[in-house]
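As structure tokens, the structure follows; a few thoughts come after it.
Values in this text are rule-based calculations from the coordinates and carry no lab data. Keep in mind it's a predicted model, so treat the numbers as computed, not measured. Cβ placement follows ideal geometry from the backbone for every residue including glycine, while neighbour counts extend to all protein chains displayed.
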Amino acid sequence: MKKSILTFILLLSSLAGIVSGQEINAARLEKVLENLKLDKTKIKEEFCTEKKMPNAEDSYIIVIPVLQGKEEEDMFTVQNFILITDENGAIKNKYFDPEEIISDAIMLRGITIDTGLYSISNGIRAFGVKTNFEGSSRPNPYSSEEISMYYPDGKSLKKVLNKFSLYSSGGEWDTNCAGEFDDSRSVIIVDKAKTNSFTDLKIKTISTTTKNKVVNGDCKDSQTSKTGYRVLRFKNGNYQ
């Protein structure tokens, strides 16, 4: 049905269009930028985000995207400062992620912090930083979400998972009815088994293909779905 296609398109937009659902405290941001010796012209302030750590007193996870090079229209590149601060913005842990995040035809739509129960080793609880992207083409809709995971290590942070795809969805249609869409959604499950003293991460992925075509003047859809599993194990300092 045509309604199902429109619902699909709206779902892409809603999942990829999460723009700073965890707004950063303005006073804390000012203090953090002062401590980092950064001014607001050097960051993408609309994507700055923070979340209180549930397992630590007076601790806030903060992500600050720092512009790399010049911003041209809607095209830009950032790298993230990932910090843990106290309520007043004093920095406890600091990590500058070497991975670039590029926003161009596939646009960065949001950065969020995930403080799920990622107890990955004895006394170690990780947190995630998720990035959401959305394409600009209506005939070829696309959206995705990636997660990287970190935990405090001395005065820095240790990155243990890099840009793992949690969600991707896209396809091609005639903007009226006929088309095909592929959707893949993954869930991270902390397993009981361990590798090199770190808990294995079991990944459950549901992949769905939706096909639409006109039948007797009405838009009909059909779906096929499959569920798969894989395991990420801790080797050479990260999950792979």
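Please compute the net charge surrounding residue 188, taking Lys and Arg as +1 and Asp and Glu as -1 over other residues with Cβ under 15 Å from its Cβ. Could the numbers behind the result be given before it?
Details: positive: 125, 130, 163, 185, 192, 202, 204, 230, 233; negative: 114, 145, 146, 191, 200.
Net local charge, residue 188 excluded: +4.
Net charge near residue 138, counting Lys/Arg +1 and Asp/Glu -1 over other residues with Cβ under 12 Å of its Cβ? Could the numbers behind the result be given before it?
Details: positive: none; negative: 134, 172, 174.
Spelling it out: positives minus negatives among the neighbours equals -3.
Mind checking which lysines have their C-alpha under 18 Å from residue 235, skipping anything on the same chain fewer than 8 residues away?
158, 159, 163, 192, 194, 202
By how many degrees, between 0 and 90 and to the nearest 10, does the Cα long axis of helix 2-16 differ from the longest principal axis of the chain?
10
For region 85-240, what relative contact order do you get, as a whole percent, if you take Cα pairs closer than 8 Å and at least 6 residues apart? Each step should come with its number before you reach the end.
Working: 337 pairs, mean separation 23.6, N = 156.
Computed over region 85-240, the figure is 15 percent.
At a 10 Å Cβ-Cβ cut-off, how would you order 175, 199, 205, fewest neighbours first? Walk me through the intermediate numbers first.
Values: 175 11, 199 21, 205 16.
With the sparsest Cβ surroundings first, the list reads 175, 205, 199.
Using Cα pairs under 8 angstrom and six or more residues apart, how large is the relative contact order of region 2-170, in percent? Spell out each step's value before the answer.
Working: 361 pairs, mean separation 31.4, N = 169.
About 19 percent, as a whole number.
Please list, in chain and number order, the residues 5+ apart from residue 200 or on another chain whose amide H is under 5 Å from its amide H, with Hs placed from the backbone.
It is 191, 193, 194, 195, by chain and number.
Would you work out the charge dipole size for region 26-86 about its Cα centre, treating the Cβ of every Lys and Arg as +1 and the Cβ of every Asp and Glu as -1, and quote it to the nearest 20 debye?
On the way: 9 positive and 13 negative charges, 34 e Å.
I would put it at about 160 debye.
Label residue 121 and residue 40 with points 7 Å out from Cα along Cα→Cβ: what is the distance between them in nm?
That separation, rounded to one decimal, is 4.0 nm.
Give, as a single signed number, the net charge of other residues whose beta carbon lies under 9 Å from the beta carbon of residue 163, with Lys and Arg counted +1 and Asp and Glu -1. Show your work: numbers first, answer last.
Numbers: positive: none; negative: 99, 146.
Here the charged neighbours net out to -2.
For region 76-90, take each phi angle, set θ = phi - 60°, evaluate the Karplus expression 6.51 cos²θ - 1.76 cosθ + 1.60, and give the result in whole Hz per residue in order, putting x for glycine and proline.
3J(HN,Hα) across region 76-90, in whole Hz: 7, 10, 10, 10, 9, 7, 10, 10, 10, 10, 8, 4, 8, x, 5.
Would you mind checking the tilt of helix 26-36 against the longest principal axis of the Cα atoms of the chain, expressed as 0 to 90 degrees and rounded to 10?
Around 60 degrees separate the two axes.
Computed over the Cα atoms, what is the radius of gyration of the chain divided by 2.2 N^0.38 Å, N being its residue count?
Values: Rg = 20.0 Å, N = 240, 2.2 N^0.38 = 17.7 Å.
Dividing the Cα Rg of the chain by 2.2 N^0.38 Å gives 1.13.
Work from the charge dipole of the chain (Cβ charges, +1 for Lys and Arg, -1 for Asp and Glu, about the Cα centre) and give the residue of 76, 215, 188 farthest towards its positive end.
After comparing all options, I get 188.
List every residue whose amide H lies under 5 Å from the amide H of residue 118, counting only residues 5 or more places away in sequence or on a different chain, with H placed 1.01 Å from N in the peptide plane.
126
Run the helix sum for the chain: -39,500 (n - 2.57) per DSSP H stretch of 4+ residues, divided by residue count, reported at 222 nm to the nearest 500 deg cm²/dmol. Can you show the working numbers first?
On the way: 2 runs with 26 residues, N = 240.
Theoretical 222 nm ellipticity from helices: -3500 deg cm²/dmol.
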